[in-house]
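As structure tokens, the structure follows; a few thoughts come after it.
The values are calculated or read from the model by the stated rules, or taken from the named source; none is laboratory data. Not measured: the values here are computed from a predicted model. For neighbour counting, all protein chains shown are included, and Cβ atoms are generated from backbone atoms with ideal geometry for every residue, glycine included. These accessible areas exclude ligands, DNA and RNA; they are computed on the full protein's heavy atoms, side chains included. Shrake-Rupley method; radii C 1.70, N 1.55, O 1.52, S 1.80 Å.
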Amino acid sequence: MVFFVVVAALFAGYGTAYLASDDVRYLTRAGFEETRILQSRQPIDRLVRRPDIDPALRRSLGLVLQTRDYAARLGLEAKQTYTTYSDVGRDTLLLVLQAAPKDCICPYTWKYPIVGRIPYKGFFDPVAARREAAQFSLKGYDTYLRPSSAFSTLGWFNDPLLSTALTRDSVELAVPVFHETAITHCT
């Protein structure tokens, strides 16, 4: 019985926080999206061997594996980042908002649990992104809202390569692999 009371209290507390806080709603959405991405991961080394995979996808995934191998030969260890692939089912993963006062080149920073302050905020919900950009504009900030085809969990999870990153040419595809390898290597 005590267990059910504790669970009910936790759900009631979360529900209240969800209704009252934009931050809780934002983090909940991000958590759901990350869970969906992680659940759809498929090993790249298996995908490149499948005969039914589109040849263009096979080439792109092969390039990711070659880039990881090259980074390893340079002494960088990427752990398991970009060894899996997730098809997110859309052409834009998220929108990234940046803001700064009109009279300053200093960025507005958002505070996140665990990672600290970051000068941007990513939105999986385009309506919420545009709404927050408009709110910053009304407060006198310059805003920049752009699409992003990838994001990193900063080493917290083994990030998969996302289907949205495959719209790039080979150099633009290799860059995030090296970038994440370097970040993972340093953490």
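Classify region 89-134 from the C-alpha gyration tensor, please: rounded if a/c falls under 1.5, else prolate or oblate depending on whether a/b exceeds b/c. It is oblate, given that a/c is not under 1.5 and a/b is not larger than b/c.
Farthest toward the positive end of the dipole of region 36-187, out of 105, 47, 157, is the Cα of 157, where the dipole comes from beta carbon charges about the Cα centre.
For residue 85, the residues whose amide H sits under 5 Å from its own are 42, 44, 161, ignoring neighbours fewer than 5 places away on the same chain, with H placed 1.01 Å from N. Shape analysis of region 70-177 places it in the prolate category; the axes a ≥ b ≥ c from the Cα gyration tensor give an a/c of at least 1.5, with a/b above b/c. Backbone N atoms of region 135-150 closer than 15 Å to the 7 Å Cα→Cβ label point of residue 104 belong to residues 139-143. Under 5 Å between amide hydrogens, built in the peptide plane, is the criterion, and for residue 110 it picks out 118, 120 among residues at least 5 positions away or on other chains. Sequentially through region 166-180, phi angles give Karplus couplings (6.51, -1.76, 1.60; θ = phi - 60°) of 7, 7, 8, 7, 4, 5, 5, 7, 6, 4, x, 5, 5, 4, 5 Hz, Gly and Pro residues having no value and appearing as x.
If R0 is taken as 30 Å, the Cβ-Cβ distance between residue 87 and residue 156 corresponds to a FRET efficiency of 0.90. Solvent-accessible area assigned to carbon and sulfur over region 32-113 amounts to 54 percent, based on a 1.4 Å probe. Probing with 1.4 Å while keeping every protein chain in the model, the per residue accessible area of region 22-153 equals 61 Å².
Here the Karplus relation 6.51 cos²θ - 1.76 cosθ + 1.60, evaluated at θ = phi - 60°, turns the backbone of region 98-106 into coupling constants of 10, 9, 8, x, 4, 9, 8, 8, 8 Hz, with x for every Gly and Pro.
Close amide H contacts of residue 93 (hydrogens built in the peptide plane, cut-off under 5 Å, sequence separation of 5 or more or a different chain): 148.
Projecting the alpha carbon convex hull of region 41-113 along each direction and taking the average yields 8.5 nm².
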